[in-house]
Protein chains: 2
Amino acid sequence: MKDKRTAILEATLKLISERGFHGTSMQMVADIAKVGAGTIYRYFENKEDLLSKLYVELKIEFSEVLLANYDSTLSFRGRFHNLWKNMVHYSIDNPQKTAYMEQYTNSPFCDHTMEEIHKKYFSKVANFINEAITQEVIKDVPIDIIAIFTFETAVALAKKHSNGMINLNDENIEIAVNMCWDALKK
Amino acid sequence: MKDKRTAILEATLKLISERGFHGTSMQMVADIAKVGAGTIYRYFENKEDLLSKLYVELKIEFSEVLLANYDSTLSFRGRFHNLWKNMVHYSIDNPQKTAYMEQYTNSPFCDHTMEEIHKKYFSKVANFINEAITQEVIKDVPIDIIAIFTFETAVALAKKHSNGMINLNDENIEIAVNMCWDALKK
DNA sequence: TATTAAAGAATGAATGTTCATTCCGAAATT
DNA sequence: AATTTCGGAATGAACATTCATTCTTTAATA
């Protein structure tokens, strides 16, 4: 039988991605997780702790996906294409996780504590970018600006796809990744 | 003395941008607006209605800012630069409004009703983009993809600036708008 | 048997909303 | 001009409900 902590996290993800923070009570989480309400407090300090732990776990998973097929024999452009497409495919395939992360990021829950988490888990991606800058393959621009053009566009595209507002088929993904690369390349 | 409806909207903006939906009660709004709690319900059906009306008003204001200095004698590139910079400057100068809109967009409050609102108020911007596509100045790509590369990057940059995570000085803005144009141009 | 885990009813604080009442300016009446 | 009447805007205490969290009891485990 599934571990209760995991069941609680999965229930939280499902409920909050569909109904938002304000629309999700601890009782609902307990019901969906098929767990007593009090049990949640054996695994998490309180609601805020639960939300924050879930966010961090999702971000770590996300950061690992990005470099899943990293291949240093490829050109920077090739590696970037892989990384970017990984991001889009993950976001499309996991709409609830994407919605949750976006919601959390834009809430006051997400304080400056999270910056360190981001720095820590995305350090390899940062190294890759910095290397590309050093080798004058992409523009010499503050890395946070590069990150925005890379991450935000991919996630936003996937969100709009999940909303049914655009159709992100392979052709459109190819178009988009090339637009992104055009923005970055020297 | 300031009109009460406006006072309520301003209080809501301030509180929710700082404390989020869940952290803002109607009583708090009433206190900040210096209004009785019941008075809110003379102007808005309920909390959801208040949040939605505020969002629509902000979006309309935003859409008007974009084309404030529209000048059809300029090149497409020139017009795009103006539009994009308007967006960034507005987002930087109005961090609370930006935070509120982002929070609302990523919440389940924001349903498909809002799509029509967006379509309506951003139609002039859409016309501009479509014209640029027709004249083969920018890539022939679904307009929603263009929109994401334009809007999301600008707003995300401004948000990170307001967080203190990057410093969006004039130089960086110039860099960023050029990156954006590189993504779009044919 | 002793210890830990789980459950879910109980609790008290907080929330959105309502509604009986007050207030205020303008019109009507004297 | 002075007084009364009137309408609706504004109020905020009161209400039912919901919520996060705690507590007590029961079950499982070693």
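With respect to being open to solvent by less than 40 Å² (accessible area, probe 1.4 Å) and assigned to a helix (DSSP H, G or I), B:Val88 fits the description. Check A:Asn94 against each of (1) touching a residue at least 24 places away in the same chain (Cβ under 8 Å); (2) open to solvent by less than 70 Å² (accessible area, probe 1.4 Å) and name the one condition it does not meet. Among (1) touching a residue at least 24 places away in the same chain (Cβ under 8 Å); (2) open to solvent by less than 70 Å² (accessible area, probe 1.4 Å), A:Asn94 violates only (1).
Scanning region A:12-55 for residues that are in contact with a helix residue (DSSP H, G or I) (Cβ under 6 Å, 6 or more places away or on another chain) and away from DNA strand D (no atom under 13 Å from the Cβ) yields A:Leu13, A:Ser17, A:Leu54, A:Tyr55. Residues in region A:26-66 that are more than 14 Å from chain B (Cβ to nearest Cβ), more than 9 Å from DNA strand C (Cβ to nearest atom) and not in a helix (DSSP H, G or I): 2 in all.
Scan region B:28-82 for residues that are farther than 30 Å from B:Glu174 by Cβ and touching a residue at least 40 places away in the same chain (Cβ under 8 Å) and jot them down. Working first, answer last.
Filtering region B:28-82 for residues farther than 30 Å from B:Glu174 by Cβ gives B:28-57.
Within region B:28-82, B:Glu48, B:Leu50, B:Leu51, B:Ser52, B:Lys53, B:Leu54, B:Tyr55, B:Val56, B:Glu57 qualify.
Scanning region A:119-129 for residues that are in contact (Cβ under 8 Å) with a residue 24 or more places away in the chain and open to solvent by 40 Å² or more (accessible area, probe 1.4 Å) yields A:Tyr121, A:Lys124. Just one of (1) away from DNA strand D (no atom under 12 Å from the Cβ); (2) touching a Pro at 6+ places or on another chain (Cβ under 6 Å) trips up A:Cys110, so point out which. Against the list (1) away from DNA strand D (no atom under 12 Å from the Cβ); (2) touching a Pro at 6+ places or on another chain (Cβ under 6 Å), A:Cys110 comes up short only on (2). Looking across region B:16-25, the residues that are in a helix (DSSP H, G or I), closer than 20 Å to A:Arg19 by Cα and not hydroxyl-bearing (Ser, Thr, Tyr) come down to B:Ile16, B:Arg19. Restricting the search to helices (runs of 4 or more DSSP H) fully inside region B:131-186 and requiring at least 2 residues that are facing chain A (nearest Cβ under 7 Å) and touching a Phe, Trp or Tyr at 6+ places or on another chain (Cβ under 8 Å) gives B:170-184. Checked against the criterion of being surrounded by 17 or more Cβ atoms within 10 Å (Cβ to Cβ) and assigned to a helix (DSSP H, G or I), region A:111-118 has no qualifying residue. Confirm whether B:Tyr104 is assigned by TED's automatic domain parsing to the domain that holds B:Ala156, open to solvent by less than 50 Å² (accessible area, probe 1.4 Å), aromatic (Phe, Trp, Tyr) and modelled with pLDDT of 95 or more. Considered against the rule, which asks whether it is assigned by TED's automatic domain parsing to the domain that holds B:Ala156, open to solvent by less than 50 Å² (accessible area, probe 1.4 Å), aromatic (Phe, Trp, Tyr) and modelled with pLDDT of 95 or more, B:Tyr104 comes out as yes.
The values are calculated or read from the model by the stated rules, or taken from the named source; none is laboratory data. Worth saying up front: this structure is predicted, and the values here are computed from it rather than measured. Positions of Cβ are generated from backbone atoms using ideal geometry, with glycine treated the same way; all protein chains shown enter the neighbour counts. Calculation scope for accessible area: heavy atoms of the full protein, side chains included, ligands and nucleic acids excluded. Shrake-Rupley method; radii C 1.70, N 1.55, O 1.52, S 1.80 Å.
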